[in-house]
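J.: What follows is a single structure, and I will ask about it in a moment.
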Amino acid sequence: MIAYNFNSVSSILVEDGAARNLGATLKARFGCQKPMVITDMGLVRLGMVGPIMHALEEAELHPSLYDGVEADPSEKVVLEAVKAAKAHGSDLIVGFGGGSSMDVAKLVAILCKGAQALGDIYGLDQVSGGRLPLVQVPTTAGTGSEVTQIAIVTTGESTKMGVSDKALLADLAILDATLTKGLPPHITAATGIDAMVHAIEAYTSKIKKNPISDGLARQALLMLGANIEVACKEGDNMEARRGMLVGATLAGQAFANSPVAGVHALAYPLGGHFHIPHGLSNALVLPHVLRFNEPVAGGLYAELAELVGAGDSAAALINWLERIADDVGIEKRLRDVGISHNDLPMLAEDAMKQQRLLVNNPREITQDDALKIYEAAW
Ligand SMILES: NC(=O)c1ccc[n+]([C@@H]2O[C@H](COP(=O)([O-])OP(=O)(O)OC[C@H]3O[C@@H](n4cnc5c(N)ncnc54)[C@H](O)[C@@H]3O)[C@@H](O)[C@H]2O)c1
Ligand SMILES: [Fe+2]
């Protein structure tokens, strides 16, 4: 590639405990008065949101809370959050949580500012009216949503739509690894593998692969690979938690500019039809898509194998990934998560709708190929 753009967030603060100073940080950096925190009820119940609201009040701000985000957020959730932010007169939006909360926060920041409706901004570069200041605080180390320009919305029973626009890049991402300490092992594993997939797919992306994303993807895979097993086994090992959180952000920066491909394309139908979490869906199809891609992308996979010290071939990278999946105890087969063999043709048909992602895959995937990959994963 001879000409490319690289976009990312303008500021990243990496500091253990930074969320406890959120009020002072927002006041100093943005001069806001009425921030709205967007999160999910799970985090409220875990007692993680109370201290954040307290930190905002302590700085004499007038915060408001929207805690209705659900995994794979729907349009209804987005519109409800927009209504709440407008009623509050919010002047800054904070996304606090996993990819679901951060994605909703992006859309609320856009829809509160301009005159556009949600339906107007789906697709690529459709945002025209600016947005409210936006700060992202991830509590999972996975999606990289804190540094991506994409938000994913569930629009029907099993369909998702994306909004992709530079306007969705936050003003500030705060990486406070203490927030990820309580992440249970199975969520740590699934979200961590999601981040590893971002790095691998960015590194082998067909059209927009570029040297800046390559560097970020390599460093991401190194950090994630070195820390995922410890983070799953010793949840309060802060060094491992920091490595995962920064690794996931680097992978996010990489794939935001060199997009994900076949693994994500085949993972999405699993989430859509069977409500399998995003990271686990990726983990289930990962080795099988990589084996399929090997004739074309084998050289790049071998480079990554060497990087992580797994060997010098694509097979070595795949073995390394399978060993990690084993070690962190994640489900390995589609049959383990309630998918029957009869469902596979429907999944293959559905995967073909992910052309946005399939075009980035190093090797073309036909519907027949997709079926064979699902069969191998079953
Ligand atoms: N914008 C992007 O670039 C991008 C990329 C990939 C995926 N996504 C989207 O992100 C979503 C998935 O995000 P996710 O995997 O981060 O999960 P999530 O945001 O849906 O959260 C999953 C669960 O983890 C819990 N949780 C989060 N942090 C926790 C913590 N520290 N301790 C204990 N529990 C915690 C939440 O309460 C929730 O129940 C999907 O909607 C997907 O479509 C977005
Ligand atoms: Fe992902």
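J.: What number in nm² do you get for region 317-378 if you take the convex hull of its Cα atoms and divide its surface by four?
T.: One quarter of the hull surface, i.e. the mean projection, equals 4.9 nm².
J.: Right, another one. Enter the accessible area per residue of the chain (Å², integer; probe 1.4 Å; all protein chains in place).
T.: For the chain, the per-residue accessible area is 39 Å².
J.: How would LYS353, LYS34 line up by accessible area, probe 1.4 Å, largest first?
T.: My answer, sorted largest first, is LYS353, LYS34.
J.: Related question: Using the Kirkwood radius over Cα pairs, work out the Stokes-Einstein diffusion coefficient for region 249-378 at 20 °C and 1.002 mPa s, in µm²/s as a whole number.
T.: Result for D is 143 µm²/s.
J.: Quick one: Karplus J couplings for region 201-217, per residue in order, coefficients 6.51, -1.76, 1.60, θ = phi - 60°, nearest Hz, x for Gly and Pro?
T.: 5, 5, 5, 10, 4, 6, 9, 10, 3, 8, x, 6, 4, 4, x, 5, 5
J.: When the Debye formula is applied to the Cα atoms of region 238-293, each taken as the same point scatterer, what base-10 log of I(q)/I(0) results at q = 0.21, 0.24, 0.25 Å⁻¹?
T.: -0.90, -1.00, -1.01
J.: Let me ask something additional. State the three equivalent ellipsoid semi-axes of region 58-160, derived from the C-alpha gyration tensor as the square roots of 5 times its eigenvalues, in descending order and whole Å.
T.: Value: 20, 17, 13 Å, ordered largest first.
J.: Still on this structure, please answer the following. Could you compute the FRET efficiency for HIS186 and ALA115, with r as their C-beta to C-beta distance and R0 at 35 Å, rounded to 0.05?
T.: Working from the Cβ atoms, E equals 0.25.
J.: Let me see the P(r) profile for region 285-338: every Cα-Cα distance counted, bins of 5 Å, each bin given as a percent of all pairs.
T.: The percentages, shortest bin first, are 5, 22, 25, 23, 15, 8, 3, 0.
J.: Calculate what fraction, in whole %, of the accessible area of region 147-268 sits on carbon and sulfur atoms when a 1.4 Å probe is rolled over the protein chains.
T.: Carbon with sulfur: 57 percent of the solvent-accessible area.
J.: Next question. Could you give the spread of the C-alpha atoms of region 30-104 along their three principal axes, from largest to smallest, in whole angstroms?
T.: Principal axes ranked by extent give 33, 27, 17 Å for the Cα atoms.
J.: Next question. Order of 355-362, 220-227, 180-187 by packing, highest average Cβ count within 10 Å first?
T.: 220-227, 355-362, 180-187
J.: Now for a different question. What is the P(r) of region 1-53, as percent of Cα-Cα pairs per 5 Å bin from 0?
T.: Per 5 Å bin, starting at 0, the Cα pair percentages come out as 4, 13, 19, 20, 17, 10, 5, 5, 5, 2.
J.: What are the lysines whose alpha-carbon lies under 17 Å from the alpha-carbon of LYS233, with same-chain residues fewer than 8 places away excluded?
T.: LYS181
J.: Return the ratio Rg/(2.2 N^0.38 Å) for the chain, where Rg is computed over Cα atoms only.
T.: Against the compact-globule rule of thumb, the ratio is 0.94.
J.: Comparing VAL135, VAL296, VAL163, which has the greatest mean-square fluctuation in the GNM of the chain with Cα pairs linked when under 10 Å apart?
T.: VAL296
J.: Check cross-link reach from LYS206 to the aspartates and glutamates: straight Cα distance under 17 Å, and skip same-chain residues fewer than eight apart.
T.: Those aspartates and glutamates meeting the cut-off are ASP214, GLU294, GLU303, GLU364.
J.: Can you tell me the order of 103-115, 266-278 when each peptide is scored by its average per-residue count of other Cβ atoms within 10 angstrom, highest first?
T.: 103-115, 266-278
J.: Here's something else I'd like to know. How would GLU349, GLU60 rank on accessible area, largest to smallest, probe 1.4 Å?
T.: Ranked list, largest accessible area first: GLU60, GLU349.
J.: Now, a different point. Which value in deg cm²/dmol, rounded to the nearest 500, describes the helix-derived mean residue ellipticity at 222 nm for the chain, given -39,500 (n - 2.57) per DSSP H run of n ≥ 4 and division by the residue count?
T.: Using -39500 (n - 2.57) per qualifying helix, the result is -16500 deg cm²/dmol.
J.: Largest first, what is the accessible-area ranking of ASP165, ASP125 with a 1.4 Å probe?
T.: Final ranking, largest accessible area leading: ASP125, ASP165.
J.: Right, here's the next one. Could you give me the radius of gyration and the Dmax of region 158-295, taking only the C-alpha atoms into account and expressing both in angstrom?
T.: 14.9, 42
J.: Sticking with this structure for a sec: So what's the gap between the Cα centers of region 292-351 and region 109-138, to the nearest angstrom?
T.: Cα centroid to Cα centroid, the span is 35 Å.
J.: If you don't mind, another one. How high is the FRET efficiency between ASN237 and ASN319 when r is their beta carbon distance and R₀ equals 25 Å, given to the nearest 0.05?
T.: Values: r = 25 Å, r/R0 = 1.01.
Result of the calculation: an efficiency of 0.50.
J.: Cα to Cα, under 21 Å, and not fewer than 8 places away if on the same chain: which lysines meet these conditions relative to LYS106?
T.: LYS27, LYS34, LYS76, LYS83, LYS86, LYS160, LYS166
J.: Shifting gears a bit: Run the quick spin-label model on GLU70 and LYS332: label points 7 Å from Cα toward the beta carbon, then report their separation in nm to one decimal.
T.: 3.4
J.: Mind listing the phi-derived Karplus ³J(HN,Hα) values for region 57-69, rounded to whole Hz, using 6.51, -1.76 and 1.60 with θ = phi - 60°, and x for any glycine or proline?
T.: For region 57-69, the Karplus-derived couplings read 5, 4, 8, 6, 9, 10, x, 9, 10, 10, 10, x, 5 Hz, x marking Gly and Pro.
The values are calculated or read from the model by the stated rules, or taken from the named source; none is laboratory data. What you see is a predicted model; the values in this text were computed from it and never measured. As a convention, Cβ positions derive from the backbone with ideal geometry for all residues, glycine included, and neighbour counts pool all protein chains shown. Surface areas here come from the heavy atoms of the whole protein model, side chains and all, with no ligands, DNA or RNA. Shrake-Rupley method; radii C 1.70, N 1.55, O 1.52, S 1.80 Å.
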